[in-house]
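Have a look at the structure below before the remarks.
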Amino acid sequence: MEKDKTLTRMAETPVSRLMLTMGIPMIVSMVLQAFYNIVDSAFVSNMSTGGEEALNALTLAFPIQMLMVAVSIGTGVGTNALLAKSLGQGDKNRAAKVAGNAEFLGAVIFAACLIFGIVGARPYIVSQTSNPVITEMAVSYLRICCVLSPGIVFFSVFEKLLQATGLSLYSTIAQISGALINIALDPILIYGLFGLPELGVRGAAYATVLGQIASFLIALFFHLKKNTAVENGLRFMKPDRLVIRGIYSIGLPAIIAQALMSVMTYGLNLILVRVDESMVTAYGLYYKIQQFILFAAFGLRDAITPIVSFSYGMGSKERVRQGVKYGILYTLIIMSAGLIGLEIFASPLAGVFGLSGNTQSLCISAIRIISLCFVCAGINIAAQGIFQALDRGGYSLVISVLRQLLLVLPVAWGFSLLARRDMSLSWLVWLTFPIAEILSAAAALVFLRRTVPSGKGA
């Protein structure tokens, strides 16, 4: 009966309301994911010694953390859309195989993270800095996050399994629980409270992975107990070439899109450090601050994808169009609110961290200039969720390449040449992002006109 209720809710609830009931828990979940990324920075920046070096270390490690999340969440996105589509078509056996193969893929991803943490962390960090203090901090932090990564990998899988069947509230509970554990452990492990040793950046890493593992275990429990629309069993975990191909035909563009964020951040670190090391720290902090807004939009995108995909699977063109309409509208509301908030609170937000005067000024400048592109970024984010749901992953990939690679690194490099000659022109580097988002949004709107069904239909 609960299974029938789940499918009925996806098929019959008005799309505007369904988007909110599914989207709000996902937004909360993603904002808490952003919280994972910034809470460590807030605590390490206020260490008694080496706070700014620690912030720089976390910034250098961050692209690999983003890459781990990219592969995990991208796999989850493909699972989400394919599972929702299979349920929309009434194919419950295929839905069970999708869930089982997603769990198998999670084990493969964890193995890759483990190997990188052991042999790849140091070469990666050394490629970005020659500062021995920052190097040791960054290597120790990144190695812990990679070796103990089953939490983030498997939570990403089970979160999407819950979201695909409309049970996003349970994934949010799991995310909140892990976030609270992370927050509680951070000061204890970083500063050495209650008689424990002072671990510094290693304490931040341990707090993060323990919170992630808690989220994974809670999400697994909810999946097994509440997700009755999906059958579980070891036999469904047997690798199925067609199912895996189906997952990644949808999820690979999402993985590449997320991975491009890592490539972009890594490339910008290399560009900015040639201008001034403080620009690396300023950009790293801005990036984590803006994630509260971007991840909220990502959360809504994660509601758009299963709703539109389910409607597409059941052949309802009208519900597909409604999903597109309200998905874009609600995303624009989120991004507009974020723009206003960051413009107003740029200085207080930058002031939370123990930054030198020059670094804080650069961070404020980044917040105020880059946030101007939020509305266009919202169009791009919503469009990518729509493309993934309608089996147009190629369009999603094109948008990602434009807004996170082709229109960013070359432009940023050109502006950085001017900033190296005159540091007062450093603000030009931040202008790269509005340029990239505006041009990418224009392309996204063209692709949407080609993709979204027109006319009346079932």
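The values are calculated or read from the model by the stated rules, or taken from the named source; none is laboratory data. Because the structure is a prediction, the values reported are computed rather than measured. Don't worry about glycine lacking a Cβ; one is built from the backbone with ideal geometry, like all the others, and counts go over all protein chains shown.
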Go through Ala205, Ala229 for me and flag whichever is surrounded by 17 or more Cβ atoms within 10 Å (Cβ to Cβ) and touching a Cys at 6+ places or on another chain (Cβ under 7 Å).
Ala205
Complete set of residues in region 120-142 that are under 22 Å from Val275 (Cβ atoms) and not in a helix (DSSP H, G or I):
Ser127, Gln128, Thr129, Ser130, Asn131
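Residue by residue, here is whether (1) modelled with pLDDT of 90 or more; (2) more than 30 Å from Glu12 (Cα to Cα) holds:
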{"position": "Tyr286", "(1), (2)": "no, yes"}
{"position": "Phe298", "(1), (2)": "no, no"}
{"position": "Gly354", "(1), (2)": "no, yes"}
{"position": "Gly357", "(1), (2)": "no, yes"}
{"position": "Ile367", "(1), (2)": "yes, yes"}
Restricting to region 97-130, name every residue that is over 24 Å from Met237 (Cβ atoms) and either of a type in the set (S, T, N, Q) or touching a strand residue (DSSP E or B) at 6+ places or on another chain (Cβ under 7 Å) (or both).
Ser127, Gln128, Thr129, Ser130
Residues of region 287-317 being of a type in the set (Ser, Thr, Tyr) and part of a helix (DSSP H, G or I), in sequence order, are Tyr287, Thr305, Ser309, Ser311, Tyr312
Yes or no: region 304-321 includes at least one residue that is within 21 Å of Thr265 (Cα to Cα), modelled with pLDDT of 90 or more and either surrounded by 24 or more Cβ atoms within 10 Å (Cβ to Cβ) or out of contact with any His (no Cβ under 8 Å at 6 or more places or on another chain) (or both).
no
State yes or no: is Ala70 under 19 Å from Ser309 (Cα atoms) and among the aliphatic types (A, V, I, L, M)?
no
State yes or no: is Arg17 surrounded by fewer than 24 Cβ atoms within 10 Å (Cβ to Cβ), in contact (Cβ under 8 Å) with a residue 12 or more places away in the chain and not β-branched (Val, Ile, Thr)?
no
Which count do you get for residues in region 148-172 that are in a helix (DSSP H, G or I) and either of a type in the set (Ser, Thr, Tyr) or surrounded by fewer than 18 Cβ atoms within 10 Å (Cβ to Cβ) (or both)?
5
Answer residue from region 232-286, given it is under 29 Å from Ser396 (Cβ atoms) and hydroxyl-bearing (Ser, Thr, Tyr) and is surrounded by the fewest Cβ atoms within 10 Å (Cβ to Cβ) among those
Ser249
Can you find a residue that is of a type outside the set (Asp, Glu), surrounded by fewer than 18 Cβ atoms within 10 Å (Cβ to Cβ) and either assigned to a helix (DSSP H, G or I) or over 22 Å from the mean Cα position of the chain (by Cα) (or both) anywhere in region 384-392?
no
